[in-house]
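The values are calculated or read from the model by the stated rules, or taken from the named source; none is laboratory data. Just so it is clear, the model here is predicted, and its values are computed rather than measured. Neighbour counts run over all protein chains shown; Cβ positions are idealised from the backbone, glycine included. Heads up: the accessible areas ignore ligands, DNA and RNA and are worked out on the full protein's heavy atoms, side chains in. Shrake-Rupley method; radii C 1.70, N 1.55, O 1.52, S 1.80 Å.
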Amino acid sequence: MSRSIVIAVDGPAAAGKGTLAKALAARLGFAHLDTGSLYRAVAAKLLALGQGPEADDARLVAESLAAEDLTARDLRSEAVAKLSSVVAAMPEVRAALLAYQRRFAAQPPGGKPGAVLDGRDVGTVVCPDAQAKLYVTASLAARARRRHAELLARGERPDAEAVRAEMEARDRRDSDRAAAPLKPAADALLLDTSDLSIEAALSAAWEMVVGRIGPRS
Ligand code: C5P
């Protein structure tokens with residue numbers, strides 16, 4: 001069996017990494033895993049169970065996640081986003097989710113020849129041997145604007161300043177934690193999407209990936 005080609009796309013919230021990872025995977029015919037959905041699923045289940053962020057409870061939930069938990073309806077809420085970055089700082093939660101992510105990368109579902117994983121620590125911890133690593137960033141202002149628009153589009157009535165403050169706090173939790181903090185891998189290619197349209201960002205990401213894995217037919 002030939003080896004799976006792995007592309008790691010990391011970066012802070014709302015930098016555009018999910019959109020880029022999904023589009024790259026579709027174009028390459030690879031499988032896509034939004035690794036943030038795993039942490040969000042743990043948070044959503046804890047909230048549904050009425051449990052606080054106790055490490056033991058969070059670990060048990062992480063160990064027993066099922067496929068349908070990753071597509072639950074409320075994964076994109078601000079409450080889930082906030083709690084997901086709290087449980088993501090717990091080493092026992094990260095450890096419980098690691099094997100699934102590595103298996104997805106090594107044996108992409110559907111027999112696909114490769115996988116694109118997006119998150120915070122894909123290039124540094126989950127798949128340090130990924131053939132291509134992108135670190136996608138954007139200014140806090142641009143990211144807060146996008147998240148605000150996304151929440152509006154979902155029918156919520158977000159306060160712009162609160163969205164920005166919450167994003168800044170989440171960035172800090174993700175970057176300052178001891179376990180797999182958010183940071184670019186030494187061999188990652190940096191892409192700042194602050195002033196790029198989705199099309200321009202995708203074309204830049206595509207050039208970067210092809211530069212690393214070679215042209216695909
Ligand atoms: O990417 P998304 O915003 O959905 O991720 C939600 C949270 O999950 C992040 O704020 C981060 O704390 C955590 N996460 C992580 N490692 C990953 C992906 C997400 O710690 N690989």
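Taking the stretch 134-149, which residues are surrounded by fewer than 18 Cβ atoms within 10 Å (Cβ to Cβ) and either in contact with a Lys or Arg (Cβ under 8 Å, 6 or more places away or on another chain) or part of a strand (DSSP E or B) (or both)?
Leu140, Ala141
Got a number for residues in the stretch 67-116 being touching a Gly at 6+ places or on another chain (Cβ under 9 Å) and open to solvent by 40 Å² or more (accessible area, probe 1.4 Å)?
2
Confirm whether Leu33 is open to solvent by 60 Å² or more (accessible area, probe 1.4 Å), over 20 Å from Arg173 (Cα atoms) and of a type in the set (A, V, I, L, M).
So Leu33 fails the test.
Considering Ala25, Ala62, which residue is within 16 Å of the ligand (Cβ to nearest atom) and touching a helix residue (DSSP H, G or I) at 6+ places or on another chain (Cβ under 7 Å)?
On the way: Ala25 fails: touching a helix residue (DSSP H, G or I) at 6+ places or on another chain (Cβ under 7 Å).
Result of the check over Ala25, Ala62: Ala62.
Consider the stretch 156-205. How many of its residues are part of a strand (DSSP E or B) and surrounded by 16 or more Cβ atoms within 10 Å (Cβ to Cβ)?
First pass over the stretch 156-205, keeping only residues part of a strand (DSSP E or B): 189-192.
Then drop every residue that is not surrounded by 16 or more Cβ atoms within 10 Å (Cβ to Cβ), which leaves 189, 191-192.
Number satisfying all stated conditions: 3.
I'd like to verify a number: residues in the stretch 206-217 that are of a type in the set (Gly, Ala, Ser) and open to solvent by 40 Å² or more (accessible area, probe 1.4 Å), how many? Outline the logic, then answer.
Kept after step one, since they are of a type in the set (Gly, Ala, Ser), are these residues of the stretch 206-217: 211, 214, 217.
Then keep just the ones that are open to solvent by 40 Å² or more (accessible area, probe 1.4 Å); that gives 211, 217.
Count: 2.
Just a yes or no: is a residue in the stretch 90-97 acidic (Asp, Glu), within 14 Å of the ligand (Cβ to nearest atom) and modelled with pLDDT of 95 or more?
As a first pass, look at the stretch 90-97 and keep what is acidic (Asp, Glu): 92.
Now narrow it down to the ones that are within 14 Å of the ligand (Cβ to nearest atom): 92.
In the following step, the residues that additionally are modelled with pLDDT of 95 or more were identified as 92.
Yes; the residues of the stretch 90-97 include at least one that is acidic (Asp, Glu), within 14 Å of the ligand (Cβ to nearest atom) and modelled with pLDDT of 95 or more.
Based on this model, can you work out whether Arg40 counts as open to solvent by 40 Å² or more (accessible area, probe 1.4 Å) and either in a helix (DSSP H, G or I) or away from the ligand (no atom under 14 Å from the Cβ) (or both)?
Details: open to solvent by 40 Å² or more (accessible area, probe 1.4 Å): no; either in a helix (DSSP H, G or I) or away from the ligand (no atom under 14 Å from the Cβ) (or both): yes.
Criteria not met by Arg40.
Just name the residue that is nearest to Ala23 (Cα to Cα) out of those in the stretch 99-129 that are within 10 Å of the ligand (Cβ to nearest atom) and among the aliphatic types (A, V, I, L, M).
Among those that are within 10 Å of the ligand (Cβ to nearest atom) and among the aliphatic types (A, V, I, L, M), it is Leu117.
Quick test of your reading of the structure: Thr19 fulfils all but one of (1) in a helix (DSSP H, G or I); (2) farther than 23 Å from Ile213 by Cα. Name the failing condition by number.
For Thr19, the failing item is (2).
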